[in-house]
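Report on the structure given below.
The values are calculated or read from the model by the stated rules, or taken from the named source; none is laboratory data. Computed from a predicted model, the values in this text were never measured in an experiment. Every residue, glycine among them, receives a Cβ derived from its backbone with ideal geometry; neighbour counts consider all protein chains shown. For accessibility, only protein heavy atoms count, side chains too; no ligands or nucleic acids. Shrake-Rupley method; radii C 1.70, N 1.55, O 1.52, S 1.80 Å.
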Amino acid sequence: MATNNDLQQRRQAAIPRGVANSLAVYAARATNAEIWDVEGRRYIDFAAGIAVLNTGHRHPRVVAAVQQQLTELTHTCFQVTPYESYVRLAERLNALAPGPTPKKTIFFSTGAEAVENALKIARYHTKRSAVIAFGGAFHGRTLATMTLTGKVQPYKAGFGPMLPDVFHVPYPVSYHGVTPEDSLAALDRLFKADVDPERVAAIIIEPVQGEGGFYAAPPEFLRTLRALCDRHGMLLIADEIQSGFARTGRVFAIEHAGVEPDLITVAKSLAGGLPLSGVIGKAAIMDSPPPGGLGGTYAGSPLACAAGLAVLDVIAEEKLCERANHVGNVLRTRLAALQQRFPAIGDVRGLGAMVAMELVKKRDPHQPDADLTKALVQAAAKRGLVILSCGVYANVIRFLAPLTISDALLAEGLDCLEAALNDLAGTAAAVA
Ligand SMILES: Cc1ncc(COP(=O)(O)O)c(C=O)c1O
């Protein structure tokens, strides 16, 4: 059987470096919150395929739904011969989306595709072209979404020119001294210096920034953005691709603010491991583009819709919103204790189970420690734990364990993390 080393060599010869791997560990199989590699070694999974597996690897309900669907129909293309599961999943998401306005939903395959289409819908509806996004945002790697993404390296540098009419303002991050007032003042300056608000189609925001570093926007800030959008006829787009589907203790993170967005982009944990994304929005806005203006050959595939319906059942039946709060509390409590021992842990934060710790030098928020973060990801893997980094300065470890993880496995994973921190203490990448 091929070893991790063999596969890594073949991978380097056959696959471009542009698609990076954080670990040279090749997965053979996985169940709930555990992965086994090709050499039979077990890992506890705190990455969940980047926030895709809130319901865990191969949840039995999801597997059964996909297996059943495989026996009936795998593809017709919804635009050619529609099928009920697409309609039913849209109905369920419309009912789950926050706010009283009637909703409609359209499906795609990837998160970037959902964001691209939200932008198209917003432009068509408002007949305006400009879009405002936030520094540190991540909205995808396609041409339009990389423009919206608020991080140059490695996402934008060399890939230009960018989409015109996209503007960025700072995301409020209290740990780095950016207050909501600073962000609102930047918007005000933007409207004075760069773009007439009457030309802005939409503001797009992650209610909790994902790749940018797991920073939650204060609820009051989101409510102010809602009012600002209403005042100027701009749409508010909530990108819930990473924060959605019970991760933060609510189905959608924006619910914490009591805000009804005009459009919501969803993907990742929506279908428990199958590629599915969507835009949920106010029906009158969603109906703006004409027939044929939206769609895609594989968009909302029958297998993915079957998985999505099973995921929504699991979230409700296993009370995953409540579970997220429990998992988040366990993580935050243990990380706060580690913070006492390891000064490199500058900040521990999170909403529900969307939890992160930020690694800095000398307890200074302005001295990010990217080298230590990189070393910790590798050290954790040696201890049998898969973790992910993120952050504009690549110095944040994010915790995205499946919400279905057992308490025992969660504790064991945190033991691995502590052991990895101990391993690094006193090395070049000093944590203590
Ligand atoms: C908030 C957010 N938006 C969009 C995307 C892009 O999704 P995808 O990688 O499926 O294109 C991501 C992916 O990490 C994301 O976290």
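Taking the criterion of being open to solvent by less than 40 Å² (accessible area, probe 1.4 Å) and in contact with a strand residue (DSSP E or B) (Cβ under 9 Å, 6 or more places away or on another chain), the residues of region 316-335 that qualify are Ala324, Val327, Gly328, Leu331, Leu335.
The condition (being more than 14 Å from the chain's Cα centre (by Cα), outside any loop (DSSP other than H, G, I, E, B), touching a residue at least 60 places away in the same chain (Cβ under 8 Å) and over 23 Å from Ile50 (Cβ atoms)) is satisfied by just one residue among Ile280, Ile285: Ile285. Of the set (1) of a type in the set (A, V, I, L, M, F, W, C); (2) in contact (Cβ under 8 Å) with a residue 60 or more places away in the chain; (3) within 16 Å of the ligand (Cβ to nearest atom), all apply to Ala130 but (3).
Of the strands (runs of 3 or more DSSP E) entirely within region 1-46, those holding at least 3 residues that are touching a helix residue (DSSP H, G or I) at 6+ places or on another chain (Cβ under 9 Å) and closer than 25 Å to Glu418 by Cβ occupy 42-45.
Against the test of being within 20 Å of Lys282 (Cβ to Cβ), among the hydrophobic types (A, V, I, L, M, F, W, C), assigned to a helix (DSSP H, G or I) and open to solvent by 20 Å² or more (accessible area, probe 1.4 Å), the options Ala122, Ala95 yield a single qualifying residue, Ala95. Would region 187-205 turn up any residue that is closer than 18 Å to Val396 by Cα and either in a strand (DSSP E or B) or not charged (D, E, K, R) (or both)? No, because not a single residue in region 187-205 is closer than 18 Å to Val396 by Cα and either in a strand (DSSP E or B) or not charged (D, E, K, R) (or both).
Restricting Gly273, Gly295, Gly346, Gly328 to residues that are within 16 Å of the ligand (Cβ to nearest atom) and touching a residue at least 24 places away in the same chain (Cβ under 8 Å) narrows the list to Gly273. Here the condition is being surrounded by fewer than 23 Cβ atoms within 10 Å (Cβ to Cβ) and farther than 30 Å from Leu96 by Cβ; of Asp347, Asp313, Asp407, it holds for Asp347 alone. Considering region 109-119, and only residues there that are out of contact with any Lys or Arg (no Cβ under 7 Å at 6 or more places or on another chain) and of a type outside the set (A, V, I, L, M, F, W, C), the residue that is most open to solvent (accessible area, probe 1.4 Å) turns out to be Thr110.
Of the residues in region 239-260, at least one is touching a residue at least 60 places away in the same chain (Cβ under 8 Å) and under 24 Å from Cys77 (Cα atoms). Of the strands (runs of 3 or more DSSP E) lying entirely inside region 350-432, the ones with 1 or more residues being of a type in the set (S, T, N, Q) are found at 388-390. The single condition among (1) out of contact with any Asp or Glu (no Cβ under 7 Å at 6 or more places or on another chain); (2) away from the ligand (no atom under 16 Å from the Cβ); (3) open to solvent by less than 40 Å² (accessible area, probe 1.4 Å); (4) in a loop (DSSP other than H, G, I, E, B) that Val66 does not meet is (4).
Tell me the residue from Val200, Val166 that is more than 16 Å from the ligand (Cβ to nearest atom) and within 19 Å of Ala238 (Cα to Cα), please. Sole residue among the options that is more than 16 Å from the ligand (Cβ to nearest atom) and within 19 Å of Ala238 (Cα to Cα): Val200.
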